[in-house]
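Trainee: This is the structure I have questions about; it appears just below.
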Amino acid sequence: MALIVQKYGGTSVANPERIKNVAQRVASWKRRGHQLVVVVSAMSGETNRLIGLAKEIQASPDPRELDVMVSTGEQVTIGLLAMALKEIGLKARSYTGNQVRILTDDAYTKARILSIDDQAMRADLDDDTIVIVAGFQGVDAKGNITTLGRGGSDTTGVALAAALKADECQIYTDVDGVYTTDPRIVPEARRLNAITFEEMLEMASLGSKVLQIRSVEFAGKYKVKLRVLSSLEELGKEGPGTLITFEDDKNMEQPIISGIAFNRDEAKLTVLGVPDRPGIAYQILGEIAEANIDVDMIIQNIGHDGSTDFSFTVNRGEYPKALAILENAKAKIGARDITGDNKICKVSAVGMGMRSHPGIASKMFRALAEEGINIKMISTSEIKISVVVDEKYLELAVRALHKVFDLDQAAA
Ligand code: ADP
Ligand code: ASP
Ligand code: MG
């Protein structure tokens, strides 16, 4: 008997029919003698609908009240799934984040999990009951409802698996695993049997939303056995999905590049003609940090005649705010001008094999050049190379890189 945490995403619980299918899948695991904790998302589109409603009332919704109402999507699906399980003769019980007591900090809309009380869940499991938990939500020390950021149900799943020391955490979604790139963009993309935590962490943070980045961090930290699978495959005919492995696991396929990630949500700001002196980067970015805006790539050009240009990227949603801050600080910083571009995207190649194979960057840049794609910014780490290009080239760039690194070919 194993303790398994399963998480079903929005598409998997999109309507009553799909919820009944999920119940059948859960039942099939239960019949095999396993204990089950099941985390569900809101029905697909529901969280967006709720955020839309909030924005009709307040252009920037009050974060506390936003969390109160967007968390309701998951409250609906836990109730429905528990009913569906009871309907087929199984014992099930639903829990909101507050009822479990998934304690988080008070950072509304992007709260972090601090601790999870496993007592009630354990009592249910011992009583042969399937535990259903609302994803994406928690409660702070004062009893306020919090949410964990978009895609946060993945993190609920992995955090519960860590807290319960589950044997496996299964993330059920609308694709049958992690692919070499988003199969919606490149139909030739291949499912990976395994990917390392480090690679998955890079893929997630560089835009592959198949797993929320925090869920991968959690799984790495607490050594949770994590697998991505499809909930849409016929029962009994499921594939193996993708296992997220630790680097020291043996017998792993180890291609040079494992995947191509991309992110459309990018914008670039440039501060032109600032004095080339110590402290200037701090002065510019300090203003941005104070406004709680995350900065991603940073480039400072070589100075000429005592002045230099400074560019950085931010999340596109924060672009207007960042631009306004720089315009305001322009005189103080001593900048000649401020420019920006919010029609850019970031495309990245990720792979552990990069460490031991030189020449990956030049291969990547050549492939982009051959397609006539101009690179605006570059950043690298040990296992990834990212470029910023015009948004209009996103699909072309992803396809070109997927091909040049032979990702459409079956692994040797
Ligand atoms: P869920 O609602 O189940 O959480 P998501 O929409 O959050 O599902 O994540 C699944 C989607 O992630 C897929 O439909 C796919 O389009 C997208 N995706 C992006 N990159 C990848 C990738 N490398 N492998 C698989 N899916 C990916
Ligand atoms: N329902 C939330 C969202 O759409 C959380 C999740 O689905 O993971 O972001
Ligand atoms: Mg998701």
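Trainee: Using 15 Å as the cut-off for backbone N distance, which residues of the stretch 324-350 belong to the label zone defined by a point 7 Å from the Cα of ASP305 along Cα→Cβ?
Mentor: Once the point is set 7 Å along Cα→Cβ of ASP305, 336-337 turn out to lie under 15 Å by backbone N, inside the stretch 324-350.
Trainee: Under 5 Å between amide hydrogens, which residues at least 5 positions from GLY340 or on another chain qualify, with H placed 1.01 Å from N in the peptide plane?
Mentor: Those qualifying (amide H under 5 Å, at least 5 residues apart or on another chain) are THR270.
Trainee: Follow-up question, since we're still on this one. Return the single residue from GLN75, GLN283, GLN24 with maximal mean-square fluctuation; model: Gaussian network over the chain, springs between Cα atoms under 10 Å.
Mentor: Checking each option, the largest mean-square fluctuation is seen for GLN283.
Trainee: Convert each backbone phi in the stretch 189-198 into a coupling constant with the Karplus relation 6.51 cos²θ - 1.76 cosθ + 1.60 (shift: θ = phi - 60°), then list the ³J(HN,Hα) values in order as whole Hz, x for Gly and Pro.
Mentor: Running phi through 6.51 cos²θ - 1.76 cosθ + 1.60 with θ = phi - 60° gives 4, 10, 6, 8, 5, 8, 8, 6, 4, 4 Hz.
Trainee: Using modelled backbone amide H atoms (1.01 Å from N, in-plane), which distant-in-sequence or interchain residues come within less than 5 Å of ILE171's amide H?
Mentor: LYS7, ARG227, VAL228, LEU229
Trainee: In whole angstrom, note down how far apart the Cα centers of the stretch 106-152 and the stretch 44-89 are.
Mentor: The distance from the Cα centre of the stretch 106-152 to that of the stretch 44-89 comes to 15 Å.
Trainee: Further question: Extension gain ARG49-ARG184, at 0.36 nm per residue separation less the Cα-Cα distance, in nm? All intermediate terms of the calculation are to be shown ahead of the outcome.
Mentor: On the way: separation 135, 0.36 × 135 = 48.60 nm, distance 2.28 nm.
Contour length minus Cα-Cα distance gives 46.3 nm.
Trainee: Then there's this: Place a +1 charge on the Cβ of each Lys and Arg in the stretch 202-245 and a -1 charge on the Cβ of each Asp and Glu, then give the dipole magnitude about the Cα centre in debye, rounded to the nearest 20.
Mentor: Working: 7 positive and 5 negative charges, 50 e Å.
With Lys and Arg at +1 and Asp and Glu at -1, about 240 debye.
Trainee: Counting only protein chains, not ligands or nucleic acids, how are HIS34, HIS357, HIS304 ordered by accessible area (probe 1.4 Å), most first?
Mentor: Details: HIS34 35, HIS357 80, HIS304 130 Å².
The most accessible residue leads, giving HIS304, HIS357, HIS34.
Trainee: Can you tell me the 0 to 90 degree angle between the C-alpha axis of helix 394-404 and the longest principal axis of the chain, rounded to 10?
Mentor: 80 degrees
Trainee: Here's a follow-up. Rank LEU85, LEU53, LEU103 by mean-square fluctuation in a GNM of the chain with C-alpha springs under 10 angstrom and give only the top-ranked residue.
Mentor: LEU53
Trainee: Cut-off 12 Å, label point 7 angstrom out along Cα-to-Cβ of LYS209: give me the residues of the stretch 103-139 whose amide nitrogen falls inside.
Mentor: From the stretch 103-139, the list is empty.
Trainee: Could I ask something else about it? Go through GLY220, ILE102, PRO63 and say which Cα lies farthest out towards the positive end of the charge dipole of the chain; charges sit on Cβ, +1 for Lys and Arg, -1 for Asp and Glu.
Mentor: Of the options given, the answer is ILE102.
Trainee: In debye, nearest 20, what is the charge dipole magnitude of the stretch 225-356 about its Cα centre with +1 on Lys and Arg Cβ and -1 on Asp and Glu Cβ, if you could check?
Mentor: Details: 15 positive and 20 negative charges, 28 e Å.
I would put it at about 140 debye.
Trainee: Here's a follow-up. Would you kindly derive the ³J(HN,Hα) couplings of the stretch 115-127 from the backbone phi angles with the Karplus curve 6.51 cos²θ - 1.76 cosθ + 1.60 (θ = phi - 60°), listing them in order in whole Hz, with x for Gly and Pro?
Mentor: 7, 10, 8, 9, 4, 4, 5, 4, 4, 5, 4, 5, 8
Trainee: Another one. Across the stretch 62-69, in residue order, what do the Karplus-derived ³J(HN,Hα) couplings come to in whole Hz, using 6.51 cos²θ - 1.76 cosθ + 1.60 with θ = phi - 60° and x for Gly and Pro?
Mentor: Per residue, the Karplus-derived 3J(HN,Hα) values read 4, x, 5, 6, 4, 5, 4, 8 Hz.
Trainee: Let me ask something else about it. Looking only at the stretch 204-244, which residues have a backbone nitrogen under 15 Å from a spot 7 Å from the Cα of GLU168 in the C-beta direction?
Mentor: In the stretch 204-244, the label zone of GLU168 (backbone N under 15 Å from the point 7 Å along Cα→Cβ) covers 224-231, 236-244.
Trainee: How far is helix 46-57 tilted, in degrees, relative to the longest principal axis of the Cα atoms in the chain, given as a value from 0 to 90 rounded to the nearest 10?
Mentor: That works out to roughly 60 degrees.
Trainee: So what does GLU234 come to for accessible area, using a 1.4 Å probe and Å² rounded to 10?
Mentor: 110 Å²
Trainee: Can you give the accessible area of LYS330 in Å² (nearest 10), computed on protein heavy atoms with a 1.4 Å probe?
Mentor: 60 Å²
Trainee: R0 = 45 Å: FRET efficiency of GLU233 with THR380, Cβ-based, nearest 0.05?
Mentor: Values: r = 37 Å, r/R0 = 0.83.
Efficiency for this residue pair is about 0.75.
Trainee: With a 1.4 Å probe and all protein chains kept in place, how do SER60, SER307 rank by accessible area, largest first?
Mentor: Values: SER60 95, SER307 45 Å².
Ranking SER60, SER307 by accessible area, largest first, yields SER60, SER307.
Trainee: OK, next. Work out the length of the dipole vector of the chain about its Cα centre, built from +1 on the beta-carbon of each Lys and Arg and -1 on the beta-carbon of each Asp and Glu, and round it to the nearest 20 debye.
Mentor: Details: 49 positive and 56 negative charges, 100 e Å.
Here the chain has a charge dipole of around 480 debye.
Trainee: Continuing with the same structure: Amide H neighbours of VAL38 under 5 Å, at least 5 residues apart or on other chains, H built in the peptide plane: list them.
Mentor: Counting only residues 5 or more places away or on other chains, the set is GLN6, VAL131, ILE132, VAL133.
Trainee: Let me ask you something else. Top mean-square fluctuation among GLY79, GLY334, GLY135, Gaussian network model of the chain, C-alpha springs under 10 Å?
Mentor: GLY334
Trainee: Picking from LEU407, MET297, ALA369, whose Cα lies most toward the positive end of the charge dipole for the chain (charges on Cβ: Lys, Arg +1; Asp, Glu -1)?
Mentor: It is LEU407, whose Cα lies furthest towards the positive end.
Trainee: Here's another thing I want to ask about it. Rounded to the nearest 10 degrees, what's the angle between the helix 280-290 long axis and the longest principal axis of the chain, both from Cα atoms, 0 to 90?
Mentor: The answer is roughly 30 degrees.
Trainee: Work out how much length LYS343 to GLN58 would gain on full extension: take 0.36 nm times their residue separation and subtract the Cα-Cα distance, in nm to one decimal. Each step should come with its number before you reach the end.
Mentor: Working: separation 285, 0.36 × 285 = 102.60 nm, distance 2.63 nm.
The LYS343-GLN58 span can extend by a further 100.0 nm.
The values are calculated or read from the model by the stated rules, or taken from the named source; none is laboratory data. Everything numeric in this text was worked out from a predicted model, so none of it was measured. Every residue, glycine as well, gets a Cβ built from its backbone with ideal geometry; the counts of neighbours run over all protein chains shown. Side chains included, ligands, DNA and RNA excluded: accessible areas come from the protein's heavy atoms. Shrake-Rupley method; radii C 1.70, N 1.55, O 1.52, S 1.80 Å.
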